[in-house]
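Structure first, commentary second.
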Amino acid sequence: MATLNELKQAIDNLLGLSASGRLLHLNSNTCERAYEAYVLSLCADAVRGAGGSATLTGIKTGANPVIVVLRGGPGEMASKDQDFCYVDCVLGRKRFEIHADVVYEGQSGASHEIDVSICEATHAQDVRQSGRAPRTNKYLIAAVECKFYQSTPGVALARTFVGLIKDCSPNRLNAFVSNRSSPGLDSFLSTTWAPKPFTDLTALNSQSEGRFIANVEQVLRQWERSR
Amino acid sequence: MQPRLHRISEMANGDIFGEEWLELYRYLLIELNKGDYNEVRTEIETAASAPVVEESTPEDEARISKLVRGEVGKTIIRRRSPEEVFSAAMEVLRSRLEELPALANALSRRLGVPAQRIEFRVDYEQRYALVQTDPVPLDSLILDKEEADAVRSALSPLGSSATR
């Protein structure tokens, strides 16, 4: 049976570990970006699952860079300050890219950061050539909002993402992805106008990973067959 | 309505109760302060001070319908009990110490790139920053097996995996 002193000792033991020290000193921003990059990797797996190819590409160095540089904060798709990576994908007749943390220009002209986005390669090439922002128009195939919650989630972020979706052309997939759920969040996301919810999506839950990948795969297959 | 919230009775043998949970919670905050884990401490304080949102039971509904004439919501918003406060704090620690390394590992595996070759860098903000931020290697988010075992066993008496 644990006494108060034993539990205090357990806290001391936990905080005394060097691994705990390393992880607890990370800033929350890093946790968020890691989660977004993880979701990007799930999308790349979905492309492969659909029978396509997904190649990590550095904006400066091209396919399969030695160091894979992921965005530590939102930025411009055309930025060449760092060798930022995206995933260059081919599925049947379609070529498209998966990006993390890129700022898009909405239909209204306002800027929106989209955590993970899938857009047609021709549009992304135009963006890189012109240095302008990508648009949330018909070239945007999927927009995914990602949130790594460290406690019970509320609905604020999902509510904000609903506003962002309204500033996009109808996309193939608008998804809200988080590592946790709460009854309030689930209720909010169960409404017809809400983004497709993928809560409880973590690397510790292979079922939720499978469900997300299968959904992205299906969206891409349907899109590939269109036109 | 709080499926993730660990019941303390499942957590640590329930030998302490009431104000002692608050004492343990405050002890945790003090120790985090000593270690300069300021951001995590803030996360914990935010989580612990958030109210609990619960949906009422059919019995509650029947009772309320006798008390009021008009329609009221089904949600009950209440403040956390001392054991729930400590439990919320542990949720934050578990996210950092178990979930984060797992997803960092999965990221490296799914991209097919060793973690040592993946890093996070910021964009143009860097140019204007007073202090230049070093790239964050993915490696720093990953625990090796020995470290992961040590963390798991250190979390165990605090009930971190009770609902997993």
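Since every read-out is calculated from the coordinates, none of them should be taken as a lab result. Owing to the predicted nature of the structure, the values given are computational and were not obtained by experimental measurement. Don't worry about glycine lacking a Cβ; one is built from the backbone with ideal geometry, like all the others, and counts go over all protein chains shown.
So here's what we get for this one:
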quantity	calculated
Summed residue charge, Cβ within 14 Å of A:Ser169's Cβ, Lys/Arg positive, Asp/Glu negative	+1
Net charge of Cβ neighbours under 9 Å - reference A:Gln107; Lys, Arg +1; Asp, Glu -1	0
Debye, to nearest 20: dipole size of the protein assembly as shown, +1 on Lys, Arg Cβ, -1 on Asp, Glu Cβ	1520
27 Å tail of the calculated P(r), chain A, as % of Cα pairs	36
Environment charge of A:Pro134, counting only residues whose C-beta is closer than 13 Å and scoring Lys/Arg +1, Asp/Glu -1	-3
Unsatisfied cross-links (Cα-Cα over 27 Å) in the set A:Lys80/A:Lys138; A:Lys8/B:Lys145; A:Lys138/A:Lys196; A:Lys94/A:Lys147; A:Lys196/B:Lys74; A:Lys80/A:Lys196	A:Lys94/A:Lys147; A:Lys80/A:Lys196
Average partner coverage of B:148-154, which counts Cβ from other chains inside 10 Å	4
Per-residue average of Cβ from other chains inside 10 Å of B:45-54	2
C-alpha long axis of helix A:4-16 to longest principal axis of chain A, angle in °	40
C-alpha long axis of helix A:206-225 to longest principal axis of chain A, angle in °	10
Order of A:Thr3, A:Thr199, A:Thr192 under a 10 Å beta carbon neighbour criterion, fewest first	A:Thr192, A:Thr3, A:Thr199
Shielding by other protein chains, A:68-77, mean Cβ within 10 Å	6
Relative contact order (percent, whole number), the stretch A:71-220, Cα cutoff 8 Å, 6+ residue spacing	17
Chain A: angle of helix A:121-130 to the longest principal axis, Cα-based, in degrees nearest 10	90
Förster radius 45 Å - calculated FRET efficiency between A:Arg48 and B:Glu59, Cβ distance, rounded to 0.05	0.30
Alpha carbon centroid spacing (whole Å) that separates the stretch A:118-188 from the stretch A:1-69	21
Separation in nanometres of the label points that stand 7 Å from Cα toward Cβ, at A:Ser28 and B:Phe17	3.5
